[in-house]
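Chemist: Once you've had a glance at the structure underneath, I'll fire off some questions.
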Amino acid sequence: MAPEGQTGKSVVALGIVDALTREVESVGVFRPIIKGTEPDQILTALLRQPAVHQEYEESYGVTYEDVRKDADEALARIVHRYGEIAGHFDAVVILGSDFKDALGAPELGLNARIAANLNAPVAFTVSARDRSPEQVVQFARSSMEELKKHHATTIAVIPTRVPSGHEAEYANAVRAAWSDVVSGVIPAHRVLSAPVLGAQIKAVEGHLVAGREEMLEHDSQTVIVGAMTLPNLLARLEPEATVIMPGDRTEMIPGLLMAQTSGAFPQLAGLILTGGYEIPDPIQQLITSVPHELPIAVTDLGTFTTAERLFRIEGIMTSSDRKVELGRRLFNEFVDGGALLGAMHVNRAEIRTPVMFEYQINEMARRAKRRIVLPESNDDRILEAASIVLRRGTADIILLGDPTEVKARALASGYSLEGAELVDMNTPELVERFSEEYARLRSAKGVTIEQAKEKMTDPSYFGTMMVHLGLADGMVSGAANTTANTIRPSLEFVKTKPGVSVVNSSFLMCMSDRVDVYGDCAVNPDPTAEQLADIAISSAQTAVAFGIEPRVAMLSYSTGSSGAGADVDKVREATDLVRLRAPHLKVEGPIQFDAAVDPEVGQKKMPGSEVAGRATVFIFPDLNTGNNTYKAVQRSAGALAVGPVLQGLNKPVNDLSRGALVDDIVNTIAITAIQAQNT
């Protein structure tokens, strides 16, 4: 809830939905009052979140017009509408109103009455724009008196739009004022308030004359008035800026187009030509014949009026996926979601759905960001995944390739690589350093410096060397390369952890209500008993890293001592080795799959076992069994298979399927970042 418009409380609402998603099975959203003339943008954005399964028509109470006609009747209708959905969800996030056409105490009082009647605790947001910490506290205190008068309970006070670098001052001021509420802040960020280019063109009554329509949905970070010579303008370009330029200065256009296609200058949001001048035919011919992505619009308004209007426009936080991801990230970084949920008295769900797990691994990765190198920047899936990861703040990304070419490819596909580090594999000092290190490490194999330099032309070797030398914390590859090509460099010089005899893998299998670990389903065709023990211990460690209590089932076609034969004996020996090397682990084997997963069968075949019927880590006796089983479960049970996660290496390197989807790559990057935190 907020006492005024334009507070940015939608970021807080999104953050609370995100926090709830990680803790409960089902989340609903409810907007008591909407404008009614068109779909509510904030509500629509919240309904698009993966964990929210709800129709728009059931997600709001009444319109503003209903409130004006009869406030009491509207309140009764709101309570009724909320009651219709509340029982269908474990938690419902309610978003108060703050429309500009009805601000002040009457509306704040109405929101307070709604909160009290819905028995909903209030997370109170206050804009810090043009307010000191003391002024924020004073304004919040006077507004909260209205809440108290209507018996609404405030559990959090969150200043928003806080000046960057001053987050602690505002948070401390809130803590000093109220010891019994959760405090946090949402920093100001120009991306959150950036309008899209299409809104800018509409505001100046312009129309598009060049560029793709879909580019109108891109954010504009700032406005630059280009009333200067080309060299001076090029020196002042900023990423995602909208350039305003007099329409009779068309000689500037070729230079701007060259700057955009070169990749050597910041990529602009668009160009708006003022004054209503027609573009001369030669320039028009140039614009249409030269390949470029720069949207160009024209307006009849003058430069001053155009600039004045554009500087007044502020974007809506929910207008793009990029803003949503940034808002989610800022909330997670600057608000204690756990404390907020505790104040709401939200009970954590015992189950773990795929959506919950994906949110949880992204949050785990964000807590201590790591640098992940992606060698395959010539693959659009990699660029899109990198863009998503950067938006979410899951990891810092390093892309290998010619920086100009990578930027141009990303721009052509509409992906933002802002914040990514682009590393040219031809950088002399890196080639020399990496080659010398590789030759040193492989000197026993007779590798010369010339041979080492040849190896460093391979992106997998180059990226792995970055990990080895600490220039990156982990690597994800395999979208275009084979598994062998991804793993081979790691085996040569990253090496396995002490005590581990073999690199192996596991899949995180996200079922409808839990997450299990399956190993090894991707690397070792027929592991020995000792290798099987390594796989079991490594898989248990992976389970712990991702918040899964390891109960290890060493699978076979026989349970306990009921069977005999070489295959069963191998599993039995491996189980004994696990107990010897990791006595703290709960492990059972040999055990059949049904006895491992079904409590009734498990207790019948292995009475009193801590693993039977409750296994979370499943170790398959060979690759044939493991690979077929994980795919069968994935396809027939609709499970989300995340992986393969490579295990046993000193530093994390993970392989992708060549058919990997963008979501698979994003999840693998998050997993690699978490592994790096535990290295």
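Chemist: Given the conditions (1) surrounded by 14 or more Cβ atoms within 10 Å (Cβ to Cβ); (2) modelled with pLDDT of 85 or more; (3) not β-branched (Val, Ile, Thr), report the number of the one that Ala102 does not fulfil.
Modeler: Looking at each condition in turn, Ala102 falls short on (2).
Chemist: Scan segment 179-224 residue by residue and report those that are part of a loop (DSSP other than H, G, I, E, B), without any contact (Cβ under 8 Å) to a residue 40 or more places away in the chain and out of contact with any strand residue (DSSP E or B) (no Cβ under 9 Å at 6 or more places or on another chain).
Modeler: Taking segment 179-224 first, the residues part of a loop (DSSP other than H, G, I, E, B) are 179-181, 185, 188-195, 204-206, 211-212, 218, 220-221.
Those left that are additionally without any contact (Cβ under 8 Å) to a residue 40 or more places away in the chain: 179-180, 190.
Ser179, the sole residue that qualifies.
Chemist: A follow-up question, please. With the condition kept exactly as written, say whether any residue in segment 639-658 is free of Cβ contacts under 8 Å to residues at least 12 places away in the same chain and not basic (Lys, Arg). Explain how you work it out, then say what you get.
Modeler: Looking only at segment 639-658, we keep the residues that are free of Cβ contacts under 8 Å to residues at least 12 places away in the same chain, and these are none.
Among the residues of segment 639-658, not one is free of Cβ contacts under 8 Å to residues at least 12 places away in the same chain and not basic (Lys, Arg), which makes the answer no.
Chemist: A follow-up question, please. Of all residues in segment 267-301, which are polar (S, T, N, Q), outside any loop (DSSP other than H, G, I, E, B) and open to solvent by 20 Å² or more (accessible area, probe 1.4 Å)?
Modeler: Those that are polar (S, T, N, Q), outside any loop (DSSP other than H, G, I, E, B) and open to solvent by 20 Å² or more (accessible area, probe 1.4 Å): Gln284, Gln285, Thr288, Ser289.
Each row is one residue, and each column tells you yes or no for (1) within 30 Å of the chain's Cα centre (by Cα); (2) part of a helix (DSSP H, G or I).
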| position | (1), (2) |
| --- | --- |
| Ala596 | no, yes |
| Val601 | no, yes |
| Pro607 | no, no |
| Ala632 | yes, yes |
| Arg635 | yes, yes |
| Ile665 | yes, yes |
| Ile671 | yes, yes |
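Chemist: Would you confirm whether any residue within segment 321-330 is among the aliphatic types (A, V, I, L, M), crowded, with 20+ Cβ neighbours inside 10 Å, under 36 Å from the mean Cα position of the chain (by Cα) and not in a helix (DSSP H, G or I)?
Modeler: no
Chemist: Within segment 547-560, is there a residue that is farther than 30 Å from Gln360 by Cβ, in a loop (DSSP other than H, G, I, E, B) and at pLDDT 90 or above?
Modeler: Of the residues in segment 547-560, the ones farther than 30 Å from Gln360 by Cβ are 556-560.
With the extra rule that they be in a loop (DSSP other than H, G, I, E, B), the set shrinks to 556-560.
Okay, now just the ones that are also at pLDDT 90 or above, so 556-557.
Yes.
Chemist: In this structure, does Glu421 turn out to be open to solvent by 30 Å² or more (accessible area, probe 1.4 Å) and closer than 17 Å to Ser477 by Cα?
Modeler: Details: open to solvent by 30 Å² or more (accessible area, probe 1.4 Å): yes; closer than 17 Å to Ser477 by Cα: yes.
So Glu421 fits the description; yes.
Chemist: In this structure, does Ala536 turn out to be at pLDDT below 95, open to solvent by less than 30 Å² (accessible area, probe 1.4 Å) and not in a loop (DSSP other than H, G, I, E, B)?
Modeler: No: the conditions fail for Ala536.
Chemist: Being touching a helix residue (DSSP H, G or I) at 6+ places or on another chain (Cβ under 6 Å) and open to solvent by less than 50 Å² (accessible area, probe 1.4 Å) narrows it down to one of Val174, Val185, so name that one.
Modeler: Val185
Chemist: Being buried (at least 20 other Cβ atoms within 10 Å of the Cβ) and in a strand (DSSP E or B), is that true of even one residue in segment 251-266?
Modeler: There is no residue in segment 251-266 that is buried (at least 20 other Cβ atoms within 10 Å of the Cβ) and in a strand (DSSP E or B).
Chemist: So which residues in segment 371-380 are open to solvent by 60 Å² or more (accessible area, probe 1.4 Å) and modelled with pLDDT of 95 or more, if there are any at all?
Modeler: Scanning segment 371-380 gives a single hit, Arg371.
Chemist: A further question on this structure: When you go through (1) under 23 Å from Val552 (Cβ atoms); (2) touching a Ser or Thr at 6+ places or on another chain (Cβ under 7 Å); (3) basic (Lys, Arg) one by one for Lys631, which number turns out not to apply?
Modeler: (2)
Chemist: If you don't mind, there's one more thing I want to ask. Examine segment 428-436 for a residue that is within 26 Å of the chain's Cα centre (by Cα) and open to solvent by 40 Å² or more (accessible area, probe 1.4 Å), and state whether such a residue exists. Steps first, please.
Modeler: Of the residues in segment 428-436, the ones within 26 Å of the chain's Cα centre (by Cα) are none.
There is no residue in segment 428-436 that is within 26 Å of the chain's Cα centre (by Cα) and open to solvent by 40 Å² or more (accessible area, probe 1.4 Å).
Chemist: When both residues are 6+ apart or on different chains and their Cβ atoms are under 9 Å apart, which pairs have a first residue that lies in segment 366-381 and is farther than 15 Å from Asp402 by Cα, and a second that is hydrophobic (A, V, I, L, M, F, W, C) and open to solvent by 60 Å² or more (accessible area, probe 1.4 Å)?
Modeler: So the pair list comes out as Arg381/Leu661.
Chemist: Looking at Arg309, is it at pLDDT 80 or above and crowded, with 20+ Cβ neighbours inside 10 Å?
Modeler: no
Chemist: If you take the residues of segment 225-250 that are touching a residue at least 40 places away in the same chain (Cβ under 8 Å) and more than 12 Å from Thr303 (Cβ to Cβ), which of them is most open to solvent (accessible area, probe 1.4 Å)?
Modeler: It comes out as Pro239.
Chemist: Between Val67, Val24, which is on the phi < 0 side of the Ramachandran plot, part of a helix (DSSP H, G or I) and not polar (S, T, N, Q)?
Modeler: After applying the criteria, what remains is Val67.
Chemist: Another question, if that's okay. Output the number of the condition that Phe139 fails; it satisfies all remaining conditions of (1) crowded, with 18+ Cβ neighbours inside 10 Å; (2) within 17 Å of Val126 (Cβ to Cβ).
Modeler: (1)
Chemist: Pairs under 7 Å by beta carbon, first residue buried (at least 17 other Cβ atoms within 10 Å of the Cβ) in segment 489-516, partner basic (Lys, Arg), six or more apart or different chains?
Modeler: Glu492/Arg442; Val494/Lys651; Val515/Arg352
The values are calculated or read from the model by the stated rules, or taken from the named source; none is laboratory data. None of the values given here were measured: they were computed from a predicted structure. Neighbour counts run over all protein chains shown; Cβ positions are idealised from the backbone, glycine included. Calculation scope for accessible area: heavy atoms of the full protein, side chains included, ligands and nucleic acids excluded. Shrake-Rupley method; radii C 1.70, N 1.55, O 1.52, S 1.80 Å.
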